[in-house]
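Trainee: First, the structure itself, so that you have it in front of you.
Every read-out reported here was derived from the displayed coordinates using simple, explicitly stated rules and does not represent laboratory data. This is a predicted model, so every value here is computed, not measured. Neighbour counts are summed over all protein chains in view; Cβ atoms, including those assigned to glycine, are modelled from backbone coordinates with ideal geometry.
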């Protein structure tokens, strides 16, 4: 599959990416493992080379990036190794052991990295697929106001598109995202949000499931993979709506659909990054109807069939504010009806 961001072949179908598991991050018999303390400066300036199998232990990859950032003045010799940044592996899934990384399997998220160092890291560290400059804010939507352009991180080198994998009873779900444009939500052990969706979908599955603040589509597409015949996904932020539609295509072989139509590309959507009135981004036909919208979830009653009584997941940022949660759920149930829950 062609990557919609860089135009290269860094995205693959769910079938192809799942075929690499679970061996993708496991060492071969000749791999070496140097465990480093991330809380202290790097003691040895030695750069370990990748094994003959093409993999290298993640600590050695961090040491390599540390030395480049130190040479370019981004880090001091007294800075601890952890100051390099946060590693997001590709594909991401809950692991109980640190990984041995193959080529192009890591996106570095760093608040300290410069453009010059990022270019060197991408060119000299084979495991890196992209370098992103972070800042002290969460990228993406902070308010549903079409006149406010949300803050995003900056891609300094390479491509920041990566995938996470979520287990379902029907098989794994693959979710791609452009990491500079959405908040980091790496898969957690136990996958509590997925379990919450599974419980609310039930057996047999409910007739209509709405993922009102869908992000890259994880929860809504989980419901679709669990057999819900009609699923609506929505997000006001263009990157979230686009990747939800893209992930629908990535996982289409696990869905009971005949055709998939996508109505907008990411370049067009970027011209209206936040919308209020729901705009259809993609839809399917077949035994399952799956629709993706970009818009304010408060206006979804305009596209949800009247009297449908859906099950709705509201994965909102305000979930730690009991007053806001209570107001949002009661307002939704008064206008839409059905069962609404916070995952």
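Trainee: Would you work out the relative contact order for the stretch 57-117, in percent, from Cα pairs under 8 angstrom that are 6 or more residues apart?
Mentor: 43 percent
Trainee: Return the inverse of the average 1/r over all pairs of distinct C-alpha atoms in the stretch 191-341, which is the Kirkwood hydrodynamic radius, in Å to one decimal.
Mentor: Taking the inverse mean of 1/r over all distinct Cα pairs, the stretch 191-341 comes out at 15.3 Å.
Trainee: Quick one: grab the alpha carbon gyration tensor of the chain, order the square roots of its eigenvalues as a ≥ b ≥ c, and give me rounded if a/c is under 1.5, else prolate or oblate depending on whether a/b is larger than b/c.
Mentor: Here the chain falls in the prolate category.
Trainee: Modelling each spin label as a point 7 Å along the Cα-to-Cβ direction, I'd like the residue 334/residue 78 distance in nm, to one decimal.
Mentor: 5.8 nm
Trainee: Within the stretch 84-120, find all residues whose amide N lies under 15 Å from a label point positioned 7 Å from the Cα of residue 34 along Cα-to-beta-carbon.
Mentor: 101
Trainee: Additional query: Apply 1/(1 + (r/R0)^6) to the Cβ-Cβ distance of residue 285 and residue 103, taking R0 = 30 Å, and write down the FRET efficiency to the nearest 0.05.
Mentor: That pair, residue 285 with residue 103, gives E of 0.20.
Trainee: Report for the chain the percent antiparallel among DSSP-assigned beta bridges with both residues inside it, nearest 5.
Mentor: Of all bridge pairs located within the chain, approximately 55 percent are antiparallel.
Trainee: Tell me the label-point distance for the pair residue 321, residue 21, using the 7 Å Cα-to-Cβ offset, in nm and rounded to one decimal.
Mentor: Reported label-point gap for residue 321 and residue 21 is 3.5 nm.
Trainee: Let me ask something else. Quick check on the exposure proxy: order 96, 9, 315 from fewest to most C-beta atoms within 10 angstrom.
Mentor: Arranged by neighbour count, lowest to highest, 96, 9, 315 become 96, 9, 315.
Trainee: Moving to a separate point now. Classify the stretch 242-285 as rounded, prolate or oblate, taking a ≥ b ≥ c as the square roots of the eigenvalues of its Cα gyration tensor: rounded when a/c is under 1.5, otherwise prolate if a/b is larger than b/c and oblate if not.
Mentor: In terms of gyration-tensor shape, prolate.
Trainee: Which whole-number percentage describes the relative contact order of the chain, with Cα contacts under 8 Å and a sequence gap of 6 or more?
Mentor: Here the relative contact order equals 12 percent.
Trainee: Given Cα pairs under 8 Å that are at least 6 residues apart, what percent is the relative contact order of the stretch 191-341?
Mentor: Dividing the mean separation by the residue count of the stretch 191-341 yields 24 percent.
Trainee: Per DSSP H run of n ≥ 4, the term is -39500 (n - 2.57); total these for the chain, divide by its residue number, and report the mean residue ellipticity at 222 nm rounded to 500 deg cm²/dmol.
Mentor: Computed ellipticity for the chain at 222 nm equals -6500 deg cm²/dmol.
Trainee: Against the longest alpha carbon principal axis of the chain, how many degrees, from 0 to 90 and to the nearest 10, is the axis of helix 115-124 turned?
Mentor: Computed tilt is about 80 degrees.
Trainee: Let me ask something additional. Could you put 69, 1, 269 in order, starting from the residue whose Cβ has the fewest other Cβ atoms within 10 Å?
Mentor: Arranged by neighbour count, lowest to highest, 69, 1, 269 become 1, 269, 69.
Trainee: Taking the 0 to 90 degree range and rounding to the nearest ten, how far is the long axis of helix 322-335 tilted relative to the main principal axis of the chain, both from C-alpha atoms?
Mentor: 40 degrees
Trainee: Within the stretch 14-158, what percent of beta bridges assigned by DSSP are antiparallel, to the nearest 5?
Mentor: Antiparallel bridges make up about 65 percent of those DSSP assigns within the stretch 14-158.
Trainee: Pull out a ≥ b ≥ c, the square roots of the eigenvalues of the alpha-carbon gyration tensor of the stretch 14-158, then state rounded if a/c is under 1.5, prolate if not and a/b is larger than b/c, and oblate in the remaining case.
Mentor: Oblate, because a/c is 1.5 or more while a/b does not exceed b/c.
Trainee: If you don't mind, there's one more thing I want to ask. Using Cβ counts within 10 Å as a stand-in for footprinting exposure, how do 79, 16, 74, 147 rank, fewest first?
Mentor: By the 10 Å Cβ count, ascending, the order reads 147, 16, 79, 74.
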